[in-house]
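Undergrad: Could you have a look at this structure, given as structure tokens, before my questions?
Just so it is clear, none of the values below were taken in a lab; they were calculated from the coordinates. Since this is a predicted model, take the numbers as computed values, not measurements.
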Amino acid sequence: MKHPYLNFTFSKPRKKLKTVSVRLAFLFAENSSSSILQSHELELAGIIDMAKGLEYHYKNFKKIEKKYLASYEKIFKEMILSQIPGKENMIHEAVAYLNRLGQIETLITAPWFKTYITEETLVNFCPKIFALMPLRNKFTAHRSIDDPRNETESQKASQASIPFGIQSRGPIGGLPKVSYSIKIAKEERRDSRKTLLATYHKLPVQEIEHFSETEVWITFTPTKHHEEICSEIVTVLRYFFEKATR
């Protein structure tokens, strides 16, 4: 019996499908008769739930961030960051978002999934997803300070309580954005669980990774990166179906 998510019908043209979960459901409907969808129905349908989670936490984060940034000038004139309303709620949403993203990264690197797509292609399609995984693995899934892996004291400190920051306004008239950062040793980027970035994307991932001589700063800006992450997810799934149904 088919998963309920695979029984969708659509009346709107594809270009009007805005959310990532609906775009994925549309993609699944297009491939509903494929053997790969039938043999891995539960694994693949689960990504729609994961995408719905990303949308939910992003929407909540954006709502809280908007209220917070409304008092941006006052906050920085008075330097009262500790009194920011909703600051803790924003990080709860960011943590939940990254944990859902970690589920998606685990799915697309599963052995059965990589039967149809090379690791190099995965990295080319999803650099931002892979670049954010240390933030998930060292803070949101669990804290590295509670399960250390040879981090320096400075690195442990950055990973124990995730730094909160405000990015600059950027272009004239642009709005500031809330971001979160940690730092890891460069060796960890090379010797991580899957080492995909170190092998296939030696340069820093734009807007997320920042290299020093010995360390990598990883910065997550939800309202900047969400749409890019969604595009990566849809792109890699579309390519997967194209390869698996040939």
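Undergrad: Through the Karplus equation 6.51 cos²θ - 1.76 cosθ + 1.60, θ set to phi - 60°, convert the phi angles of the range 208-215 into ³J(HN,Hα) values in whole Hz; use x for Gly and Pro.
TA: 10, 9, 9, 8, 10, 5, 10, 10
Undergrad: Taking amide H positions as placed in the peptide plane 1.01 Å from N, state which residues far from K177 in sequence (5 or more) or on other chains have amide H under 5 Å from it.
TA: Here Q167 satisfy the definition.
Undergrad: From the phi angles alone, apply the Karplus equation (6.51, -1.76, 1.60; θ = phi - 60°) to the range 90-95 and give each ³J(HN,Hα) in whole Hz, x where the residue is Gly or Pro.
TA: Result, ordered by residue: 4, 5, 4, 5, 5, 4 Hz.
Undergrad: Still on this structure, please answer the following. Given H placed 1.01 Å from N in the peptide plane, which residues other than close sequence neighbours of I182 have an amide H under 5 Å from its amide H?
TA: So I182 has HN proximity to I218.
Undergrad: Show me, for the range 197-203, the HN-Hα J-couplings you get by feeding each phi into the Karplus relation (A = 6.51, B = -1.76, C = 1.60, θ = phi - 60°), rounded to Hz, glycine and proline as x.
TA: Along the range 197-203, the couplings run 5, 4, 7, 10, 9, 6, 7 Hz.
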